[in-house]
Amino acid sequence: MPTWDAVADHEQVDSDFVSQVPGVAHLCGHDLHTAIGVGIAQVLARLRHVINSRVVFMFQPAEEMLAGARAMIEAGVLDRLAPHEIYALHCAPVPVGVLAVMPGVGQPGLDVGHIEVSGSNAADSGERLAAAINDLSTVTQPQTPEEFARLLNDLQTPDGPLARFVVAGSEVTPGGDGAVRVQLWLRAWPDDRYPTLRDDVRRLAGSVEGAQVEFPQPPFPAMVCSPELSQAAAAHLRGVAGVTAVKVLHAAFPFNGEDFALFLRRVPGAMFYLGVANTDAGLNGVPHAPDFAADEEAIGLGVRAMAGLLLSRLDVLHRRPRPAGRRTGASFHRS
């Protein structure tokens, strides 16, 4: 199984751990996630004499390819462990000290397709199709601090501007005999929008004679966090030393997907965002941005917050009757 966990870009931040491979960059915070996961494990290991249950740490590869979670599930990891609950933590471009929960929302899924265009005007037709597909977007990536602040406000607004959205992208690549292929990708919320979006793409392609549309796979599903467990986590996290705020997001972040979605389709749980930005130090904390950089002070806070949360959840689970076939325990996931 491929284990690629980087993105195709050039890092613009000078550091001791900058990528040594041109055009391949670690811009996602996976090293922070791993460090936090190991730190939580060390804390809980020291407390094993007072823990009556079990916590399992899952270090998942190939998240950027949306392949790692599926491979682990197909290998039987959830069948063997049968966890009651599962949690994940991901860095976010908000200040250190801020965490966010996403009750009933999370991150959108992904639909991928392509359009084959041939003929004497294939190149021009392909570019027009790509532009028309891009115009399906209802929200654009923020480019300034003011735009990002507006996005953050929209994410916290119930039934607000991001209750329904589409993010569309495309790329035209040359083929043989003057033909071109329009690669396209769609992110939408909620998931039930994909059939209509596919119809929209076919309609646009129908304006070009001979254009052939294909969607090879079903859409990858959205990540949807448990409302109950997200709210319970928010109540706990507000009491953690060093936490200055716990934001409650009522809409999915439009521009990223997460294959933790597949775990959440099998086990109740949630993902949380951990603020890693420090504007005074020039650290923006924006995953996948070429100048991504994070404040490592967030590592300690992430360890404290999640170790305490897992202990509190173990206490709750230990006091409940155990369903048949399930062990009293929780999993912490690193992607």
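Looking at this structure, is Pro221 open to solvent by 50 Å² or more (accessible area, probe 1.4 Å), modelled with pLDDT of 95 or more and closer than 30 Å to Gly104 by Cα?
So Pro221 does not fit the description; no.
Among the residues in the range 263-270, are any assigned to a strand (DSSP E or B), modelled with pLDDT of 90 or more and within 25 Å of Gly68 (Cα to Cα)?
Looking for residues that are assigned to a strand (DSSP E or B), modelled with pLDDT of 90 or more and within 25 Å of Gly68 (Cα to Cα), one finds at least one in the range 263-270, hence yes.
Check Leu274 against each of (1) open to solvent by less than 30 Å² (accessible area, probe 1.4 Å); (2) in a loop (DSSP other than H, G, I, E, B); (3) not basic (Lys, Arg) and name the one condition it does not meet.
Result: Leu274 fails condition (2) only.
What about Arg266, is it closer than 30 Å to Gly300 by Cβ and of a type in the set (D, E, K, R)?
no
Taking the condition open to solvent by 70 Å² or more (accessible area, probe 1.4 Å) and over 30 Å from Glu116 (Cα atoms), does Gln212 pass?
no
When you scan the range 1-99 for helices (runs of 4 or more DSSP H) that lie fully inside it, which ones turn up with 3 or more residues that are crowded, with 20+ Cβ neighbours inside 10 Å?
Here the list reads 30-46, 68-74.
Is it fair to say Ala132 is modelled with pLDDT under 95 and out of contact with any Phe, Trp or Tyr (no Cβ under 8 Å at 6 or more places or on another chain)?
Considered against the rule, which asks whether it is modelled with pLDDT under 95 and out of contact with any Phe, Trp or Tyr (no Cβ under 8 Å at 6 or more places or on another chain), Ala132 comes out as no.
Do we find a residue being assigned to a helix (DSSP H, G or I) and of a type in the set (A, V, I, L, M, F, W, C) anywhere in the range 237-258?
yes
Can you tell me which residues in the range 70-118 are among the small types (Gly, Ala, Ser) and either touching a His at 6+ places or on another chain (Cβ under 8 Å) or more than 26 Å from Gly300 (Cα to Cα) (or both)?
Ala71, Ala75, Gly76, Ala82, Ala88, Gly104, Gly109, Gly113, Ser118
Please indicate, with yes or no, whether at least one residue in the range 161-170 is closer than 14 Å to Ala252 by Cβ and either hydroxyl-bearing (Ser, Thr, Tyr) or open to solvent by 50 Å² or more (accessible area, probe 1.4 Å) (or both).
Scanning the range 161-170, I find at least one residue that is closer than 14 Å to Ala252 by Cβ and either hydroxyl-bearing (Ser, Thr, Tyr) or open to solvent by 50 Å² or more (accessible area, probe 1.4 Å) (or both), so the answer is yes.
From the list Val43, Val56, which one is touching a residue at least 40 places away in the same chain (Cβ under 8 Å), more than 24 Å from Ala6 (Cβ to Cβ) and within 24 Å of the chain's Cα centre (by Cα)?
The conditions single out Val56.
Within the range 169-190, is even one residue among the polar types (S, T, N, Q) and within 14 Å of Val112 (Cα to Cα)?
yes
Of all residues being in a loop (DSSP other than H, G, I, E, B) and touching a helix residue (DSSP H, G or I) at 6+ places or on another chain (Cβ under 9 Å) in the range 285-307, which is most open to solvent (accessible area, probe 1.4 Å)? Just the residue, please.
Looking at the filtered set, the residue picked out is Glu296.
Of all residues being open to solvent by 50 Å² or more (accessible area, probe 1.4 Å) and not polar (S, T, N, Q) in the range 194-208, which is nearest to Val117 (Cα to Cα)? Just the residue, please.
Among them, the one singled out is Gly206.
Restricting to the range 100-124, give me the number of residues that are open to solvent by 10 Å² or more (accessible area, probe 1.4 Å) and within 10 Å of Val182 (Cβ to Cβ).
Number of matching residues: 2.
The values are calculated or read from the model by the stated rules, or taken from the named source; none is laboratory data. Bear in mind the structure is a predicted one, so any value in this text is a computation, not a measurement. Because the Cβ atoms are built from the backbone with ideal geometry, glycine has one as well, and the counts that use them run over all protein chains shown. With ligands, DNA and RNA removed, areas are computed over all heavy atoms of the protein, side chains included. Shrake-Rupley method; radii C 1.70, N 1.55, O 1.52, S 1.80 Å.
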